[in-house]
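Data first, discussion second: the structure below is written as structure tokens.
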Amino acid sequence: MPGLEDLYREIILDHHRTPRNRGELPPPAAHAVGHNPLCGDEIDVYLQVENDIVKDVKVGGQGCSISQSSASMMSQAIKGKKLPEVRALVRRFKGMMSIPDEDGNPIEPDPSVKLGDLEALQGVVKYPVRIKCATLSWNTLLEALAQS
Ligand code: ZN
């Protein structure tokens, strides 16, 4: 029986090897670019929102396996979702990464928000320098949401 950590490592490697929703979307899709200078990660998020639903999402960029697999999982998790669900998922993910809310308070996990494959990234919280790698695509997503 493989341990949970092996399973998680396998999910992260799978998203790194076979990134989901890779590519670009033409305008008028929203486009935001994120950088993590600490690690050299770059993420492009293209977002097509229609009737408050993420109709399509594409991800580009390059960097470490944590940043790229997190972006791949993020794209898979938000595609087809309503914007309030997307925002709840961003909040849930940031809470898992021990990132406080806008007021500096810890984010309580909302059990109704399912993380799916994203749970594989929970081990990252033990490595504070990698948290920025894992959250880069999510912060870039928020920028793209602000445009759409
Ligand atoms: Zn990184």
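The values are calculated or read from the model by the stated rules, or taken from the named source; none is laboratory data. A quick note: this is a predicted structure, and the numbers were derived from the prediction, not measured. Counting neighbours? That spans all protein chains shown, and the Cβs are built from the backbone with ideal geometry, glycine included. To get the accessible areas, we keep the full protein, side chains included, count just its heavy atoms, and leave off ligands, DNA and RNA. Shrake-Rupley method; radii C 1.70, N 1.55, O 1.52, S 1.80 Å.
Could you list all residues from segment 10-27 that are basic (Lys, Arg) and touching a helix residue (DSSP H, G or I) at 6+ places or on another chain (Cβ under 8 Å)?
Arg20, Arg22, listed by residue number.
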For segment 26-38, which positions are over 15 Å from Glu143 (Cβ atoms) and either away from the ligand (no atom under 15 Å from the Cβ) or in contact with a His (Cβ under 6 Å, 6 or more places away or on another chain) (or both)?
Pro26, Pro27, Pro28
Among the numbered criteria (1) touching a His at 6+ places or on another chain (Cβ under 9 Å); (2) closer than 16 Å to Val45 by Cα, which one does Ala120 miss?
(2)
Asn51 passes all but one of (1) open to solvent by 20 Å² or more (accessible area, probe 1.4 Å); (2) out of contact with any strand residue (DSSP E or B) (no Cβ under 8 Å at 6 or more places or on another chain); (3) within 25 Å of Gly123 (Cβ to Cβ); (4) more than 10 Å from the ligand (Cβ to nearest atom); which number fails?
(3)
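I'd like to know if segment 89-109 contains one or more residues that are under 20 Å from Gln147 (Cα atoms), open to solvent by less than 70 Å² (accessible area, probe 1.4 Å) and either of a type in the set (A, V, I, L, M) or away from the ligand (no atom under 16 Å from the Cβ) (or both).
Within segment 89-109, the subset under 20 Å from Gln147 (Cα atoms) is 89-91, 102.
Now narrow it down to the ones that are open to solvent by less than 70 Å² (accessible area, probe 1.4 Å): 89-90.
Add one more test, that the residue is either of a type in the set (A, V, I, L, M) or away from the ligand (no atom under 16 Å from the Cβ) (or both), and what stays is 89-90.
There is at least one residue in segment 89-109 that is under 20 Å from Gln147 (Cα atoms), open to solvent by less than 70 Å² (accessible area, probe 1.4 Å) and either of a type in the set (A, V, I, L, M) or away from the ligand (no atom under 16 Å from the Cβ) (or both).
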Within segment 2-14, does at least one residue satisfy the condition of being hydroxyl-bearing (Ser, Thr, Tyr), closer than 19 Å to Leu118 by Cα and either part of a strand (DSSP E or B) or free of Cβ contacts under 8 Å to residues at least 60 places away in the same chain (or both)?
no
Which listed residue, of Val129, Val124, Val113, is within 16 Å of the ligand (Cβ to nearest atom), closer than 23 Å to Val59 by Cα, β-branched (Val, Ile, Thr) and surrounded by 12 or more Cβ atoms within 10 Å (Cβ to Cβ)
Val124
Quick one: Asp41 ticks every box in (1) in contact with a Gly (Cβ under 6 Å, 6 or more places away or on another chain); (2) open to solvent by 10 Å² or more (accessible area, probe 1.4 Å); (3) within 16 Å of the ligand (Cβ to nearest atom) bar one, so which box is it?
(2)
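So which residues in segment 133-148 are within 16 Å of the ligand (Cβ to nearest atom) and modelled with pLDDT under 95?
Passing the criteria: none in range.
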Of the residues in segment 61-76, those that are open to solvent by 10 Å² or more (accessible area, probe 1.4 Å) and out of contact with any helix residue (DSSP H, G or I) (no Cβ under 6 Å at 6 or more places or on another chain) number 4
